[in-house]
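Visitor: Take this structure, written in structure tokens, and hold onto it; I'll ask about it next.
The values are calculated or read from the model by the stated rules, or taken from the named source; none is laboratory data. Note that this is a predicted model, so its numbers are computed, not measured. When we count neighbours, we look across all protein chains shown, and the Cβ atoms used for this are built from the backbone with ideal geometry, even at glycine.
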Amino acid sequence: MAARGFLNLAQATEAALIIAAQARDQAAFGELVKRRQGWARALLRRMCNSHAEADDLAQEAFIKAWDRLRDLETPAAFPGWFRRIAVTTFLMAKRKQKAIFEEIDDASPIAAEESTPEAAAGAKIDLEKALAKLSDAERLCVTLNHGEGLSHSEIVDITGLPLGTVKSHVLRGTEKLRRLLEPAT
Amino acid sequence: MNDFDALLKRSFAEAHEPADDGFSVNVGRGVARSEAALKVRNATYAVGMAAAGATILYGAYGLVGIFGQEILATAGLEVARAHSAISSAPTFSVQGMMQALGAGLSQGLLVLGALAGGAVVYRQVQE
């Protein structure tokens, strides 16, 4: 609470909020949640099929972040550090549901995906609907690769999946999205 | 990067980011619960440590009750011997002096040996 007296929450930088939150200032952490919830919830909504589940996982991830905030070495590392917590929370939840990320889903051939009428008509693509058609593992890897800009090796590091599996999920997921989203030629 | 990859990245970047106060309030409640649970854990730990300390003290008190009298009696006897040795008239004999010197030397050697052994063990542990 020591840092709180000098902090105007609305105008404070994210770094200042993080430092105050590390000193167990709940109000500063609340402001940080307000600022970061959009990104965190959008990330988890892309990974999950259900908005409600994604929001529950985002809440769980923020509470875990609060508990472990002292482990964060520099405020600048917060986005990557929090992303790791969010992905781990997602993976733990999915593994409880017996989801398997290591296997390549050969049962759903890429060519089977069809372009949507909206895409065929050249309409603005509905990324969320298209992502919903991918497997959990493909959605995770595609979101981290294209959405968060992580390299394959960074995805390996954050998810613990083998490199070949990550590459395959990204490739297959991207190809499925291409078939779903690109206007038919 | 081809056109589709660029389109995909743009779509991800432009995707809707949900934001509402209800979410922050729920996280705030979760954080408050987590803090309360932490306080309970800390209090439980403190109580546990206090109970463990009290148990050790009680055990030590019991041991003193059993062996204390014996220890005090032995100490008293030694004090009485020392007192009598100091207060009695000095008697000098070569034989007595040699015996005392021998006993003192052997005790001194024992102490020196123990110190040297301890030093060696300490050095080995440090290394």
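Visitor: Going by the structure shown, is residue B:4 outside any loop (DSSP other than H, G, I, E, B), within 7 Å of chain A (Cβ to nearest Cβ) and at pLDDT below 85? Full working, then the answer.
Guide: Details: outside any loop (DSSP other than H, G, I, E, B): yes; within 7 Å of chain A (Cβ to nearest Cβ): yes; at pLDDT below 85: yes.
Yes: the conditions hold for residue B:4.
Visitor: Quick check on the stretch B:29-43. Is at least one of its residues of a type in the set (Ser, Thr, Tyr), in a helix (DSSP H, G or I) and within 8 Å of chain A (Cβ to nearest Cβ)? Walk me through how you get there before you give the answer.
Guide: Here is the first cut: in the stretch B:29-43, the ones of a type in the set (Ser, Thr, Tyr) are B:34.
When the remaining residues are screened for being in a helix (DSSP H, G or I), the result is B:34.
Next, from what is left, pick out any that are within 8 Å of chain A (Cβ to nearest Cβ): B:34.
Yes, there is a match, as at least one residue in the stretch B:29-43 is of a type in the set (Ser, Thr, Tyr), in a helix (DSSP H, G or I) and within 8 Å of chain A (Cβ to nearest Cβ).
Visitor: For the stretch A:141-160, give me each residue that is assigned to a loop (DSSP other than H, G, I, E, B) and surrounded by fewer than 21 Cβ atoms within 10 Å (Cβ to Cβ). Can you show your working first?
Guide: Residues of the stretch A:141-160 assigned to a loop (DSSP other than H, G, I, E, B): A:148-151, A:160.
Those that are assigned to a loop (DSSP other than H, G, I, E, B) and surrounded by fewer than 21 Cβ atoms within 10 Å (Cβ to Cβ): A:148, A:149, A:151, A:160.
Visitor: Which count do you get for residues in the stretch A:41-53 that are more than 9 Å from every other protein chain (Cβ to nearest Cβ) and surrounded by fewer than 23 Cβ atoms within 10 Å (Cβ to Cβ)?
Guide: Selection size over the stretch A:41-53: 4.
Visitor: Here's a follow-up. Just to be sure before I move on: is residue B:83 at negative phi and more than 14 Å from chain A (Cβ to nearest Cβ) in the structure I sent?
Guide: Spelling it out, residue B:83 is indeed at negative phi and more than 14 Å from chain A (Cβ to nearest Cβ).
Visitor: Can I ask one more? Tell me, yes or no, whether the stretch A:19-26 has at least one residue that is outside any helix (DSSP H, G or I), free of Cβ contacts under 8 Å to residues at least 24 places away in the same chain and either aliphatic (A, V, I, L, M) or closer than 22 Å to residue B:32 by Cα (or both).
Guide: Restricting attention to the stretch A:19-26, the residues satisfying the condition of being outside any helix (DSSP H, G or I) are A:23-25.
Next, only the ones that are free of Cβ contacts under 8 Å to residues at least 24 places away in the same chain stay: A:23-24.
Pick out the ones that are also either aliphatic (A, V, I, L, M) or closer than 22 Å to residue B:32 by Cα (or both) and you get A:23-24.
Looking for residues that are outside any helix (DSSP H, G or I), free of Cβ contacts under 8 Å to residues at least 24 places away in the same chain and either aliphatic (A, V, I, L, M) or closer than 22 Å to residue B:32 by Cα (or both), one finds at least one in the stretch A:19-26, hence yes.
Visitor: Restricting to the stretch B:3-17, give me the number of residues that are farther than 15 Å from residue A:143 by Cβ and of a type in the set (Asp, Glu).
Guide: Restricting attention to the stretch B:3-17, the residues satisfying the condition of being farther than 15 Å from residue A:143 by Cβ are B:3-4, B:6-7.
Subsequent filtering for residues that are of a type in the set (Asp, Glu) retains B:3.
Going through the stretch B:3-17 one residue at a time, the tally reaches 1.
Visitor: In this structure, is residue A:168 on the phi < 0 side of the Ramachandran plot, free of Cβ contacts under 8 Å to residues at least 40 places away in the same chain and over 14 Å from the mean Cα position of the chain (by Cα)?
Guide: Criteria not met by residue A:168.
Visitor: Spot the failing condition for residue A:129; the list is (1) touching a helix residue (DSSP H, G or I) at 6+ places or on another chain (Cβ under 7 Å); (2) within 14 Å of chain B (Cβ to nearest Cβ); (3) of a type in the set (D, E, K, R), and only one is missed.
Guide: For residue A:129, the failing item is (1).
Visitor: From (1) surrounded by 10 or more Cβ atoms within 10 Å (Cβ to Cβ); (2) under 36 Å from the mean Cα position of the chain (by Cα), pick out the condition that doesn't hold for residue B:102.
Guide: (2)
Visitor: In the stretch A:58-75, what count of residues is obtained for those that are more than 12 Å from every other protein chain (Cβ to nearest Cβ) and among the hydrophobic types (A, V, I, L, M, F, W, C)?
Guide: Selection size over the stretch A:58-75: 1.
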